[in-house]
1. With springs only between Cα atoms under 10 Å apart, run a GNM on chain A and tell me which of A:TYR265, A:TYR300, A:TYR177 wobbles the most.
2. As a footprinting exposure proxy, order A:THR228, A:THR283, A:THR46, A:THR315 by other Cβ within 10 Å, with the fewest listed first.
3. Enter the Cα centre distance for the pair the range A:313-364 and the range A:89-107, rounded to the nearest angstrom.
4. Pick out which of B:SER200, B:SER80, B:SER192 has the largest mean-square fluctuation in a Gaussian network model of chain B, springs linking Cα atoms closer than 10 Å.
5. Only counting other Cβ atoms within 10 Å, I'd like A:LEU239, B:LEU292, B:LEU319 sorted with the fewest neighbours first.
6. Given charges of +1 on the Cβ of Lys and Arg and -1 on the Cβ of Asp and Glu, with all other atoms neutral, how large is the dipole of the protein assembly as shown about its Cα centre, in debye to the nearest 20?
7. List the distances, in nm to one decimal, from the label point of B:GLY250 to the label points of the same position in every other copy, shortest first, placing each label point 7 Å from Cα along the Cα-to-Cβ direction.
8. Which whole-Hz ³J(HN,Hα) couplings does the range B:102-116 yield from phi under the Karplus relation 6.51 cos²θ - 1.76 cosθ + 1.60, θ = phi - 60°, glycine and proline marked x?
Protein chains: 2
Amino acid sequence: MEAVKDVLCMNNGVGENSYVKAEALTIKVMAITKPIVPKAVQSLFTETDHSIPLQVVNVADLGCAVGPQPLEFMSTVIESILKKCGEMGREMPEIQFFLNDLVGNDFNTLFKGLSVVQEKYKKVSWFAMGAPGSFHGRLFPRNSMHLVYSCYSVHWLSEAPKITNEAGLPLNKGKIYMSKTSPPAVTKAYLSQFQEDFSSLLKFRSQELAPNGRVVLIFNGRQTADPTNKDTCYTWDLLAEALSYLVSQGLVDEGKLDSFNVPYYNPSQEEIKYLVDKEGSLTIEFIDTIELEIGGPNGYWSSPESRIRGHRCFTEPLLSHQFGERLMDKLYDKATQILVEDYKHGKEATKNIGIAVVLKKKKL
Amino acid sequence: MEAVKDVLCMNNGVGENSYVKAEALTIKVMAITKPIVPKAVQSLFTETDHSIPLQVVNVADLGCAVGPQPLEFMSTVIESILKKCGEMGREMPEIQFFLNDLVGNDFNTLFKGLSVVQEKYKKVSWFAMGAPGSFHGRLFPRNSMHLVYSCYSVHWLSEAPKITNEAGLPLNKGKIYMSKTSPPAVTKAYLSQFQEDFSSLLKFRSQELAPNGRVVLIFNGRQTADPTNKDTCYTWDLLAEALSYLVSQGLVDEGKLDSFNVPYYNPSQEEIKYLVDKEGSLTIEFIDTIELEIGGPNGYWSSPESRIRGHRCFTEPLLSHQFGERLMDKLYDKATQILVEDYKHGKEATKNIGIAVVLKKKKL
């Protein structure tokens, strides 16, 4: 089977359903989480050994995709360093950004966007590199990174959990993620895959962090102990229902749906705390939950249609790979129909839950 | 006027005239120059202060384009470090490659090719970054690079020299590069632009070099003091003749041809030595001329057609931008006709002259 890293990517940078256009929700969350980055940057300057002043600040954005989000992040970092150095009356260091995403990401478009930042900060000596690869593996040399950031990426698993019975038959029939009706083995398999992936993510980032370096992670999570609550599973349930409809129409093979599970997990704060503690090389400086109203009349999305477009941009590459590109319009049209009905009856999920965490490397 | 960096790039990675396919000549030259890189790598390990062993080796490939060439180079570096560390009985450092080219380069294709190197060196801890930008400006933080390499790129100027008389009228009519019939002001303007560009290239690379770091440059050059000798100018004369034909057919505006000059220069060893000495922060460890038979029955190109395809891959983006994409097939067809005739009468240039130079940062 192909690895997720060969399949998963955001829709590329151009077109109606492109990731660039649908990133608005992420930008909104970035505004909420914005103070986190300047605070992490400040720590770099106040805690570093002053006898060897920081000459280069290495900053990574993991799973940065394309569009305004990585550029916004770069601006925030530059502004924060300018401010801090101004306060301290010290010379600006040089800044080296490493923009990471999977090899399939549209780096050509990403690089073309850099001119926006160039125009804004002509007097700052900064450099931007593309760093292709999976954050489930090593990406950078040891002890090199001062600030590692990731916004809405680390909820992606390195692979979908294997959810079959002893005879090798699928256990999560008609679903593509954990669901209220999934057997316990399904949630167990998902948790287990997340634990493995997140633990190695922590280990690799810790190896790559410079002394006093910080890791800032923002990702989809959940507020409840139950991993199958509505806010967490609603979108995937919706897509599974649309896929089941395509099965009923003879357009999708039932076995293809039954055997498919998305490589994705919404952890809780408690699960994160447990894994950081268990891995042992990092400490949590800050952790918080971000609650965003998305459904209902006061929600973030203006309409069911725009909400489905938002979901499409990050689910389509995966679903298209499994079920075929030619079915995608039908699939998302059906999903829109279902969502419209759910809106009428107030059955849709209304919240998007994010978790923000800042990690620091423990002193040896 | 647009900067060269917005226009110049090799033809992208896919198709009949793509740079990937036409790179065979470069690969041939790389084979000749291959011993230079291992020698530079060895110096890094033998000259570095042994009390602080090198943990990460930072390596840059400037103007790497796409295709087998940057991958070949990476393999050569990894092999050299493996060999040297084996001999010294020391642990392998991590290696970080920075693959540089202009923003318009096809980095997506470049990154996809990295899997070839990944398969070959699974046990070595190496990382590859894309570094978009012009080598006529700063690309990397100060004191960070151990080995900076560039194969067949630094003969490109940051901009075409301005070659007009006092009234602003073009002086290099009917030509697109220096030529036997060009007035002296033309060669003077070209030399002046090269001096400016190469001096700043040296200055920037010197700033970016780590102590004991090396710069290895391989580029088109010339063997004679006269910058308008046949081996140097033949290709551009040929293309100018083909363009003049298009002018005579009313397909190209004469003014467009007269005002156009390619941002390119073939320096001599003496010019390089003079500029390195004048800039002052680097010393020449090694310099040599590479002579490659390209024309005639024993030459590198199997036919005039394949030779024109080879030229097309690196001249088309520039010419297409100035004269229009729709004329490109006509232009290169005409150039092929002229070359076929020249072959018949032994009038074609038969040599490609390259210069290889290794530079070392002077101790402060």
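The numbers here are math on the coordinates, done by the rules we state, and not lab data. These figures come from a predicted structure and were not determined experimentally. When we count neighbours, we look across all protein chains shown, and the Cβ atoms used for this are built from the backbone with ideal geometry, even at glycine.
1. It is A:TYR300.
2. Numbers: A:THR228 18, A:THR283 13, A:THR46 10, A:THR315 23.
Least to most surrounded, the residues fall as A:THR46, A:THR283, A:THR228, A:THR315.
3. Here the answer is 28 Å between Cα centres.
4. Answer for the Gaussian network model of chain B: B:SER192.
5. Details: A:LEU239 25, B:LEU292 15, B:LEU319 21.
Ordered from fewest to most neighbouring Cβ atoms within 10 Å, A:LEU239, B:LEU292, B:LEU319 come out as B:LEU292, B:LEU319, A:LEU239.
6. Details: 80 positive and 86 negative charges, 265 e Å.
So the magnitude is around 1280 debye.
7. 6.2
8. Working through the residues one at a time gives 4, 4, x, 5, 8, 5, 4, 5, 4, 5, 5, x, 5, 4, 4 Hz.
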